[in-house]
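Student: Here you go, one structure.
Each reported figure results from applying straightforward, stated rules to the coordinates on display, with no laboratory input. Note that the structure is predicted; figures quoted are calculated from it, not measured. Glycine gets a Cβ as well: all are built from the backbone with ideal geometry, and neighbour counts include every protein chain shown.
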Amino acid sequence: MQSPEAATAPTLARDLEKFSREVALLGDEVAALDRKDPGESVRRYRHDGRNRLNHLFGLAQLIRLGGIPASLGRPLEEAVALLDRCLQSLSGGDPVAAVEIPEPPSTLAPGEAGTLLIADDDAENREILRRLLEPRGFHLTFAENGVETISKMEHGDFDAVLLDIRMPEMDGFAVLSRLRETGQLRNTPVIVVTGLQEEQDAVRCIEHGAEDFLSRPIRPALLMARLSASLEKKRLREKVFEQHFTPELARELARNPDPMKMQARHTEVSVMFCDIRGFSAVSERLGPTTTIDWLGGVMGEFSSIVIDLGGVLVDYTGDELLAMWGAPNEQPDHAELACRAALEIRRSLQALNEKWREIVGAETEVGIGINSGDALVGNVGTHRKFKYGPLGTAVNLASRVQGATKYFKTSLLITGETAARVSGRYPTRRLCRVRVQNINGPVELHELEVPGTNEDWTRLSRLYEEALAAFEREDFLSAKASLAAFLVGAPGDGPALLLQKRLKDATRGSGAAFDPVWSLPGK
């Protein structure tokens with residue numbers, strides 16, 4: 001097996017050869033200064049000289065980073081000290097020779113630390129950054145001029161940009177201006193890494209929207225600190241979106257928010273309300289601390305189900321969760337996703353009850369209502385708090401349907417609009433037509449089959465729907481016969497017991513005109 005020393009020997013030899021060439025080039029340029037026209041820009045001479053010295057400094061850092069034989073240690077440090085004095089004489093900057101190079105973490109896989117765009121026309125500068133950042137888990141993409149930088153920003157997905165100022169076709173200032181115009185600077189931090197030294201250059205970069213400004217030679221520890229700080233700010237922005245969206249969508253919106261996605265617009269969605277039953281009685285018995293633990297555990301599980309199935313976690317209102325599918329990204333199967341989430345929530349109750357039953361002293365039960373329809377969707381929060389969600393009748397109806405689960409003594413109701421969208425995919429039982437508060441026109445209610453609750457569900461549902469249809473056409477004898485057969489198989493069924501009561505009331509002949517539409521009490 002090859003020793004580490006043997007493995008690094010070819011790289012060290014190449015770096016030392018490059019270092020020697022750069023020293024020779026620096027000597028040639030210094031000798032040529034006497035032959036240059038004094039009228040040419042002194043600022044340009046200083047910039048070119050710093051670039052050459054920065055190359056040498058970068059190579060020295062890479063040689064240090066790769067490990068060197070003890071015999072080269074002292075000569076390298078002396079060379080670095082001399083380079084330091086040369087740089088200070090050109091720019092009056094602070095010494096850089098003593099800066100430590102941080103060791104790369106050994107646990108990060110390539111790309112795990114983030115994806116960076118490095119925009120620099122100098123191949124040596126790009127190589128230095130590559131060898132500094134790739135071992136630290138960054139995935140790197142390179143651009144060699146300003147136009148290429150803009151193009152890659154438009155088509156790529158980056159956590160941060162390291163930007164040089166002096167580039168062909170479009171300089172760094174123009175790049176910053178373009179990124180600010182497109183809004184990308186609000187979400188993708190740009191750190192200027194340049195040979196420019198003057199304070200006015202730093203001020204101008206910050207005014208153009210740069211997150212930070214670093215002059216060469218690159219100080220690895222300082223670069224990593226600034227990168228970490230910028231990426232942490234970005235991750236905090238992502239966490240705001242992660243409260244509502246899937247991690248993938250949260251990342252997309254935090255990096256490159258599409259104004260059309262956030263802007264309020266009318267679109268078809270499916271809305272789900274999920275309420276924890278008996279919350280007030282349980283919270284009074286448990287006290288605030290245990291109640292919060294229980295509520296957090298239950299809502300945390302429900303929220304994960306919503307997010308995992310591509311839903312938007314809109315809000316918590318006490319013991320109730322509001323979720324939505326169909327926006328901000330289009331989801332043609334939004335009704336199916338909402339129904340699947342509801343069924344997953346019902347399925348999760350077994351494990352939740354095993355965990356909390358002894359603590360809570362009761363079963364954790366839910367009521368879920370789903371409706372599909374047109375809603376006004378967008379950021380319904382304020383400038384102080386982001387809140388993405390739906391508004392409108394479709395939302396109000398979903399809330400009423402959830403409330404109706406208490407009246408029908410069942411756990412999962414959907415409207416006819418949702419049932420039509422999942423027909424053939426999820427079996428349902430049509431329960432009735434109802435009037436609900438503040439909603440014009442009757443609403444069809446369906447119960448979504450919860451797999452495993454009754455092996456004879458298909459036959460029983462058919463009997464119930466036959467009884468309901470007979471009741472609605474005032475054929476009460478046929479309705480009673482079908483309902484009686486149904487109750488043999490499901491004697492405690494809430495909707496069937498309510499239909500039985502309505503049949504009794506209708507056959508008593510109260511004198512009022514028969515109305516097949518049920519009126520729900522309250523909300």
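Student: So what's the net charge close to Glu444: Lys and Arg +1, Asp and Glu -1, counting the other residues with Cβ under 10 Å from its Cβ? Intermediate results must be reported in sequence, preceding the final value.
Tutor: On the way: positive: Arg430, Arg433; negative: Glu417.
Result for the neighbourhood of Glu444: +1.
Student: Output the peptides 218-227, 114-123, 286-295, 363-372 sorted from most to least packed, where packing is the average of other Cβ atoms within 10 Å over each peptide's residues.
Tutor: Taking the mean over residues of other Cβ atoms within 10 Å, the ranking is 363-372, 114-123, 218-227, 286-295.
Student: Now for a separate question. Scaled to the compact-protein estimate 2.2 N^0.38 Å, what is the alpha-carbon radius of gyration of the stretch 377-523, rounded to two decimal places?
Tutor: Here the Cα radius of gyration is 1.19 times the empirical estimate.
Student: Also, I was wondering about something else. Find the centroid of the Cα atoms in the stretch 468-523 and in the stretch 291-331, then give the distance between the two in whole Å.
Tutor: A separation of 36 Å, based on Cα centres.
Student: By average Cβ neighbour count within 10 Å, what is the ranking of 161-169, 412-420, 174-182 from highest down?
Tutor: Working: 161-169: 22.0, 412-420: 23.9, 174-182: 18.0.
Descending packing order for the listed peptides: 412-420, 161-169, 174-182.
Student: When 1/r is averaged over all different Cα pairs and the result inverted, which Kirkwood radius in Å belongs to the stretch 258-453? Spell out each step's value before the answer.
Tutor: On the way: mean 1/r = 0.0583 Å⁻¹.
Taking the inverse mean of 1/r over all distinct Cα pairs, the stretch 258-453 comes out at 17.2 Å.
Student: For a 21 Å ceiling on Cα separation, which of these pairs sit above it: Lys152/Lys234; Lys355/Lys406; Lys239/Lys387; Lys239/Lys355; Lys409/Lys504; Lys234/Lys387?
Tutor: Lys355/Lys406; Lys239/Lys355
Student: Let me ask another. In the stretch 114-242, what is the volume of the convex hull around the alpha carbon atoms, normalised per residue and reported in Å³?
Tutor: Hull volume normalised by residue count: 100 Å³.
Student: For the stretch 456-523, max minus min Cα coordinate along each principal axis, in Å, sorted largest first?
Tutor: The Cα atoms of the stretch 456-523 stretch 37, 31, 16 Å along the principal axes, largest first.
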